[in-house]
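Right, one structure below, let's go through it.
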Amino acid sequence: MPWEGNIARSPLYNPPSVPQGVTLIEQLIIKNDRLRQLGDQPYLTVVGTEEDSTLTFSSVEPRVRRCASALRRRGLRRGDVVCFYAPNHLEYVVCNLGVVACGASALLVPFYAGEHLATFCMREKPRFLFTTAAFFNEDVRATVKKCPSIEQVFTFDPCNDDGATPVADFDKDDGTEFPNQADLSPSDVATIFLSSGTTGEPKGIEHTHASLLAVIQSSMEQASVGVTPFHLAHMSGYFTHILRLQHGGHCVMAPSGELLSLLASVEKYKAAAMWCTPRELVPLARDPELTRYYQLGSLVAIAYGGSHLGDGLVDQIRKKLPHINFIIQVVKPGTWECVGPEERGELCVRVPYLMKGYRGKPELTEASVQEGFYRTGDYGWVDEDGWVFLLDRVKDLIPVLGSDQTSVTYVSPSEIEDCLFEHQGVMTVGVVGVPHPEPNHHQIPKAFVVPVLHGSLTVQDLKDFVSSRLSAECQLEGGVTFVDDIPMSMAGKIQRNILQSL
């Protein structure tokens, strides 16, 4: 029985054996015999518009050593911060590992979050900025001028700007100033990720050497080929690359949000695993031609995240790709505070690779982490066997007046979306809560729908469809609006705040 009081333990959860007193670079680079055993086999491939670029296992260690040594000569020390703002690039990985080897923290600003670059640079005071020649535009130059802490800008490719130095200069270093890892601590912050910012300004999420090592040790060996559209500044993209580096797999990074490129990469590299978001999975489920056009027989698993995906869409993909063991990776062990099996509530988890905290926000960290349990903000339940079922985000729930006309019932927008996805006339959909026309009546559900092409779908069709399948609280009393697209973040999350403003 996996339940212990109010704590449920997943039957698959096995606490990892995390090396003690070891830094991330010691584990990934110095003590990783696979780098030498696999030699010229590809470890990382970045899919390009014209051609792909690849980094081999044998080239990783010498390049990271030269990079770290070069940065050390330029004064980078333990506790410093270095900012990365660029698209996926082979040099991104090399320089990131070089920065971490120096004991500095890598501030990873996603390439699609440029509006937050200046804010985080002013706050974190990075010594260096890594980017590309194309991204070193007027806005980035203005940020550099506003942040006196930035001593130097490095570009991953050749740059004609006098204010930037190509990282190719690092290859001239002999590597003799590579930092002694014994001078660092596993509790040092290695990376600072940015949250998605769906509820406001993004937060800095700190991960230490120890928590990243726990990610590696907590995951099954991934020695196969895996294709992902996630950016290296996204935790999923970052974790994918370090797992492949540790376990001897091949990580293929396809452009974000480009389904055809993702599927073409699966076919080209005969990938066994594919990571994606609803941005890619919804059209994969809906378009009858995609799985016939691309050879996807090598796939054995699809891992997805970003937001909820209904069982109906999962079943459609299973029918198209029957050989796939479809997995949804969210969290491992979970606990519902003060509720038991099958009861819905907010999921709290305790895992060895939990973040250190929200950067510079101790009050938020204290509110989110209590006695080692992290409030995920996910709404769902745990069954008798300890399996975790995620339904929605707590912040997205719609408070509606209950059937007794006095109590408040929380309706999951994803539950309504799942229902609408079953209608063959619906391509994609987003549901939000809108104000009730009468005061003190909380909210009512409203759907924004992208219909399939050449359809004759009506608002009443969809209202009747939902009425015949869901409870009274889930009815589309707020109406239905047909739109050309559902706004989604680069991480594949529906931007419900934008829908509510339409």
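Brief remarks on what is shown
- Only a single item in (1) buried (at least 23 other Cβ atoms within 10 Å of the Cβ); (2) in contact with a Lys or Arg (Cβ under 9 Å, 6 or more places away or on another chain); (3) farther than 29 Å from residue 73 by Cα is not met by residue 170, and it is number (3).
- Checked against the criteria, residue 112 does not count as surrounded by 21 or more Cβ atoms within 10 Å (Cβ to Cβ) and hydroxyl-bearing (Ser, Thr, Tyr).
- Every residue from the range 59-74 that is surrounded by fewer than 16 Cβ atoms within 10 Å (Cβ to Cβ) and closer than 18 Å to residue 30 by Cα: 62
- Of the residues making up the range 292-319, those that are of a type outside the set (A, V, I, L, M, F, W, C), surrounded by 15 or more Cβ atoms within 10 Å (Cβ to Cβ) and modelled with pLDDT of 80 or more are 294, 298.
- Meets criteria (in contact with a Lys or Arg (Cβ under 7 Å, 6 or more places away or on another chain), within 19 Å of residue 396 (Cα to Cα) and among the hydrophobic types (A, V, I, L, M, F, W, C)) for residue 470: no
- Taken over the range 173-189, the criterion of being within 13 Å of residue 77 (Cα to Cα), of a type outside the set (Asp, Glu), in a loop (DSSP other than H, G, I, E, B) and touching a Ser or Thr at 6+ places or on another chain (Cβ under 7 Å) is satisfied by 178, 184.
- Identity of the residue in the range 19-39, in a loop (DSSP other than H, G, I, E, B) and surrounded by fewer than 19 Cβ atoms within 10 Å (Cβ to Cβ), that ends up modelled with the lowest pLDDT: 19
- On the stretch given as the range 46-91, residues that are out of contact with any Cys (no Cβ under 7 Å at 6 or more places or on another chain) and closer than 27 Å to residue 257 by Cα total 19.
- Whichever residue in the range 128-152 is out of contact with any helix residue (DSSP H, G or I) (no Cβ under 6 Å at 6 or more places or on another chain) and among the aliphatic types (A, V, I, L, M) and, among such residues, is farthest from residue 59 (Cα to Cα): 142
The values are calculated or read from the model by the stated rules, or taken from the named source; none is laboratory data. Remember, predicted model here, so these are calculated numbers, not experimental data. For neighbour counting, all protein chains shown are included, and Cβ atoms are generated from backbone atoms with ideal geometry for every residue, glycine included.
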